[in-house]
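Student: My structure is below; once you've seen it, I'll send some questions.
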Amino acid sequence: MKKALLTVFLACSAFFAVKAQTNVSGGIYANTTWTLAGSPYTVTGNVVVFPGFTLTIEPGVMVKFDAGVQLEIRQAGLIAMGTNADSISFTSNTSLTAGSWNSIYLNGGAMTSKFNYCNFRYATNGIEDNRGGVGDSLIINNSNFNFNNTGLVGQGTGVGLIDNCNFTNNGTGGSLIYGSTINNCNFSFNGTGFNCHSYDILNYCTFNHNQTGMGSLLNSKVNHCIVNYNQTGIGIVNSGGNRIKNTTVDSNAVIGIDLYGNNDSIYNCQIKYNGIGLRHLQSSLSWPNVIANNTIENNGIGIILQVTIDNIHCNKICNNTTYDLQYSGGQNVSVANNYWCTADSNSTQAVIYDGHNNISYGLVNFMPMDTVQCYLATGISNYESPNFSFSIFPNPATDQLTLTFPTIISKTTISIFNMLGGLVYHTSETGINIVINVSDFASGMYVIQIASGEKIIRQKFIKQ
């Protein structure tokens, strides 16, 4: 009996030896590695990596923070390169609420910090970037920012590359990210998906189920994005010099695009099924916005306009429920050379609200009308999506499922939602057969959403 008890004791001791825990606080004064063998690392007090050194974190490591503490990378580097199978997690050691711990604070310097397959949860700011203009020395790939006050915030003028990341269930997904390129990222179920400071470029990103998809844009470029199912799609509060092209803005409950400034351009976009398609009420500005080659239809109101200087031409504006255009400025305004889906001026006047409806307002001059559909004749490639379908096998699935496409679809974004609307998987892949590991999914029904351009299709599958 004693021998049996000793065997059990030794087995348990070996088990707990493997499950080591390392408490850390204070300064790091040399190149240091946090190993999987030492995981989890519990940050009990503020940790500072001093200038010139690099902290490397191995795949599979979990870093847990006590309340209010942070990891400061002071003119130093942080390399956290997880893998798809062994991600790295930065999370709370105290409570599962946003703001439980402070942040990973990149404090100045030009050394590179890289993150791949990392998870940032329950922080005040998952990553806080306070570097100067030091080039692309922040690289974040394949990472998740969940349940933070702000997922990623830039306080300085450092720029970075952010690719294929998920920002979900945060107060704000990303904010004040100066001069960064953001590709193939998903912003869902946040208060605000993304607020930018200046000179950001967003390509092939998805913004849905936020209070505001994008807000506070300034001198930024938005290309080939999907902005849908938010309360407000794009709210350009700090407007000026933005370029929004080839983007779908649809099914936003209140407003699709809410302009609040000047010198913005909106080209070749699909603005559909919103409460209000596009609104511009600021009237004391000197540089016009250019709104051209867009399709603005099937909204409650197509355009609400107060200014007289905007250059609105070569758009398709029709089939909006209440009015195609509602004007509330005091002076007459011209919106000539747009396509109203009819050549009859009386029919067009009937869908425009202006001084004919309320003598306090000026008149809208919509002549000459476009009769050749010039919104299609643009130097920008027309934003049309190929028709496509996909099949799921097996369904129900146990460990993995395969999505099969009839042909390769470029720029395909794959998202999986549970039946409560929570995002559980997101990737951007190209291929005819795409294999997804669902072994960690809870049993139940899920929705797979495939997005390519403005085309979105969905199917359900069962995880058993």
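Student: Output the residue which, of all residues in segment 290-308 that are in contact (Cβ under 8 Å) with a residue 40 or more places away in the chain and assigned to a loop (DSSP other than H, G, I, E, B), is farthest from N365 (Cα to Cα).
Tutor: In this case the residue turns out to be N299.
Student: Quick check on N230: is it part of a loop (DSSP other than H, G, I, E, B) and more than 19 Å from L176 (Cα to Cα)? Spell out the reasoning first.
Tutor: Working: part of a loop (DSSP other than H, G, I, E, B): yes; more than 19 Å from L176 (Cα to Cα): yes.
So N230 passes the test.
Student: Quick check on segment 11-19. Is at least one of its residues modelled with pLDDT of 95 or more and not charged (D, E, K, R)? Steps first, please.
Tutor: To start, the set of residues in segment 11-19 that are modelled with pLDDT of 95 or more comprises none.
No, there is no match, as no residue in segment 11-19 is modelled with pLDDT of 95 or more and not charged (D, E, K, R).
Student: Might you check whether a residue that is in a loop (DSSP other than H, G, I, E, B), touching a Gly at 6+ places or on another chain (Cβ under 6 Å) and closer than 23 Å to Q270 by Cβ occurs anywhere in segment 329-343?
Tutor: no
Student: Can we say N274 is in contact (Cβ under 8 Å) with a residue 24 or more places away in the chain, touching an Asp or Glu at 6+ places or on another chain (Cβ under 7 Å) and assigned to a loop (DSSP other than H, G, I, E, B)?
Tutor: yes
Student: Hey, another quick one. Can Y323 be described as modelled with pLDDT of 95 or more, within 17 Å of L278 (Cα to Cα) and not basic (K, R)?
Tutor: Answer is yes for this residue.
Student: Please work out which residue is nearest to N208 (Cα to Cα), limiting yourself to segment 429-447 and to residues that are among the hydrophobic types (A, V, I, L, M, F, W, C) and at pLDDT below 85.
Tutor: In this case the residue turns out to be V447.
Student: May I pose another question? Going by the conditions given, is N358 crowded, with 19+ Cβ neighbours inside 10 Å, modelled with pLDDT of 95 or more and not aromatic (F, W, Y)?
Tutor: Details: crowded, with 19+ Cβ neighbours inside 10 Å: no; modelled with pLDDT of 95 or more: yes; not aromatic (F, W, Y): yes.
No, not satisfied.
Student: Determine whether segment 237-252 contains at least one residue that is closer than 22 Å to E297 by Cβ, surrounded by fewer than 24 Cβ atoms within 10 Å (Cβ to Cβ) and free of Cβ contacts under 8 Å to residues at least 24 places away in the same chain.
Tutor: Initial filter on segment 237-252 (closer than 22 Å to E297 by Cβ): 244-252.
Right, trim to surrounded by fewer than 24 Cβ atoms within 10 Å (Cβ to Cβ) and you get 245-246, 250-251.
So of that shortlist, the ones also free of Cβ contacts under 8 Å to residues at least 24 places away in the same chain come out as 251.
Yes; the residues of segment 237-252 include at least one that is closer than 22 Å to E297 by Cβ, surrounded by fewer than 24 Cβ atoms within 10 Å (Cβ to Cβ) and free of Cβ contacts under 8 Å to residues at least 24 places away in the same chain.
Student: Do we have T181 as closer than 26 Å to Y273 by Cα and either among the hydroxyl-bearing types (S, T, Y) or in contact with a Ser or Thr (Cβ under 9 Å, 6 or more places away or on another chain) (or both) here?
Tutor: On the way: closer than 26 Å to Y273 by Cα: no; either among the hydroxyl-bearing types (S, T, Y) or in contact with a Ser or Thr (Cβ under 9 Å, 6 or more places away or on another chain) (or both): yes.
Against the criterion (closer than 26 Å to Y273 by Cα and either among the hydroxyl-bearing types (S, T, Y) or in contact with a Ser or Thr (Cβ under 9 Å, 6 or more places away or on another chain) (or both)), T181 does not qualify.
The values are calculated or read from the model by the stated rules, or taken from the named source; none is laboratory data. All values reported here derive from a predicted model rather than from experimental measurement. As a convention, Cβ positions derive from the backbone with ideal geometry for all residues, glycine included, and neighbour counts pool all protein chains shown.
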